[in-house]
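Right, one structure below, let's go through it.
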Amino acid sequence: MKELIVQGPGQLAWVEAPEPQLTTPASALVRPIASASCDLDRRLIAGTTPFKPPFALGHECVAEVLEVGSAVRNLHRGDLVSVPWKIACGACAQCLAGRSSACTTVPRMACYGVPAGGHWGGLFSEQALVPFADAMLVPLPAGLDPLAVASASDNLTDAWVAASRPLATRQDARVLVVGGTESLGVLAVQMARAAGAASVDYLDEHPLRQQLAARSGAGVDLMGRDLDRSYDLVISATRDHQALRRGLLALAPGGHCSCIGIIFDDPKIPLFDMYLRDVTFSVGACSVQRHIPKVLDLVHSGYCDPLLVEPQVVGWEDAPQALIQPLTKCIVVRERIT
Ligand SMILES: [Zn+2]
Ligand SMILES: [Zn+2]
């Protein structure tokens with residue numbers, strides 16, 4: 001089979017690799033049919049993260065199930081599933097507490113497409129091994145377009161959790177999304193609306209993303225407005241330190257900032273200003289598994305439309321070129337065989 005490998009900074013190529021085999025009775029083999037770029041992928045390819053090549057790329061996809069081990073109960077060949085980015089057992093204390101991103105059965109940060117806790121393959125590959133199939137894979141409702149939920153594995157669900165958790169305890173909340181990466185901010189606009197925000201504004205100078213955020217229901221004309229103490233929830237989907245700071249200073253008393261742009265260094269944050277407002281700051285790798293069914297349901301019911309980010313949809317042969325600098329999302333597709 002072929003794997004899409006980051007070989008060096010800016011170098012992506014399809015490389016022949018041995019087909020994965022079922023390793024345990026709980027495992028399954030899947031074949032990605034719609035694989036999306038995460039906003040992290042561009043940086044992984046460019047070599048601007050702590051994770052060094054070579055490694056197989058990709059940690060967001062909808063796949064068809066090819067084969068399941070003898071202990072797998074809920075899945076069968078031909079099922080369409082969302083494959084979470086994180087490898088997790090579903091049975092350790094962390095998984096049972098809903099923190100699949102901290103699963104202790106596998107190495108810390110074991111996941112697809114990022115060499116952070118070993119090598120587990122990538123979800124652009126022709127096949128992938130899922131070690132804990134029942135615990136990890138989430139079947140798609142019938143009739144749901146795989147393209148629309150290719151990012152449920154990570155970005156889309158991350159955006160949902162960033163919005164819905166703080167909004168669950170805040171009525172009539174005013175939300176500010178600080179954009180800055182390819183798709184996460186626009187997805188967060190949609191999810192804040194789906195989670196019941198009273199209003200959503202979007203802060204980002206990028207014209208295309210502004211346009212997509214506006215189409216997703218955000219106010220985007222913030223020029224010259226004093227944002228200080230204006231928002232109950234700020235979703236910071238940026239890596240820019242100044243933009244993060246601006247978001248934090250836009251928090252109203254009692255507000256919450258969900259920081260979902262992965263920042264690898266240590267920005268200076270206005271801790272005393274935050275103290276005076278009694279705000280909460282949350283940051284962390286999203287434990288997506290338990291939230292994916294809800295996200296699939298939101299898309300299926302029309303509460304949000306991830307395709308509004310206007311992904312570039314390409315075939316496998318065009319993937320290396322398209323993934324180097326996606327405008328928003330890039331979704332790589334292949335025909336089903338089951
Ligand atoms: Zn990701
Ligand atoms: Zn676990």
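What the table below lists for this structure:
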read-out	value
Within region 41-71, tally of residues that are polar (S, T, N, Q) and closer than 25 Å to residue 26 by Cα	1
Scope region 308-328; condition among the aliphatic types (A, V, I, L, M) and open to solvent by 80 Å² or more (accessible area, probe 1.4 Å); matching residues	327
Odd one out for residue 225 among (1) open to solvent by 70 Å² or more (accessible area, probe 1.4 Å); (2) over 23 Å from residue 48 (Cβ atoms); (3) touching a residue at least 40 places away in the same chain (Cβ under 8 Å); (4) part of a loop (DSSP other than H, G, I, E, B)	(3)
Of residues in region 255-274 being small (Gly, Ala, Ser) and either more than 24 Å from the chain's Cα centre (by Cα) or in a strand (DSSP E or B) (or both), the one nearest to ligand 1 (Cβ to nearest atom)	258
Region 72-108, residues that are within 16 Å of ligand 2 (Cβ to nearest atom) and over 19 Å from the mean Cα position of the chain (by Cα)	89, 90, 91, 92, 93, 94, 96, 97, 104, 105, 106, 107
Residues of region 219-247 classified as at pLDDT 95 or above and out of contact with any Leu (no Cβ under 9 Å at 6 or more places or on another chain), total	7
Residues that are open to solvent by 20 Å² or more (accessible area, probe 1.4 Å) and either under 10 Å from residue 126 (Cα atoms) or out of contact with any Ser or Thr (no Cβ under 6 Å at 6 or more places or on another chain) (or both), drawn from region 18-32	18, 19, 20, 21, 22, 23, 24, 26, 31
Filter pass, residue 124 being among the aromatic types (Phe, Trp, Tyr) and open to solvent by less than 30 Å² (accessible area, probe 1.4 Å)	yes
Top-ranked residue in region 97-114 [being within 16 Å of ligand 1 (Cβ to nearest atom) and not aliphatic (A, V, I, L, M); ranked as surrounded by the most Cβ atoms within 10 Å (Cβ to Cβ)]	113
Criterion (over 17 Å from the mean Cα position of the chain (by Cα), open to solvent by 40 Å² or more (accessible area, probe 1.4 Å) and farther than 21 Å from residue 112 by Cα) met by exactly one of 297, 305, 240	240
Tally, over region 122-139, of residues that are away from ligand 1 (no atom under 15 Å from the Cβ) and within 17 Å of the chain's Cα centre (by Cα)	3
Residue that is most open to solvent (accessible area, probe 1.4 Å) [pool: residues in region 275-290 that are in a helix (DSSP H, G or I), in contact with a Gly (Cβ under 9 Å, 6 or more places away or on another chain) and not polar (S, T, N, Q)]	290
Enumeration of residues in region 33-52 that are away from ligand 1 (no atom under 16 Å from the Cβ) and open to solvent by 20 Å² or more (accessible area, probe 1.4 Å)	47, 52
Tally, over region 1-17, of residues that are open to solvent by 10 Å² or more (accessible area, probe 1.4 Å) and in a strand (DSSP E or B)	10
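The values are calculated or read from the model by the stated rules, or taken from the named source; none is laboratory data. Source: prediction; values computed, not measured. Here Cβ is always computed from backbone atoms with ideal geometry, including for glycine, and neighbour counts include all displayed protein chains. Ligands, DNA and RNA are stripped out before the accessible areas are found, and what is left, the full protein with its side chains, is counted by its heavy atoms. Shrake-Rupley method; radii C 1.70, N 1.55, O 1.52, S 1.80 Å.
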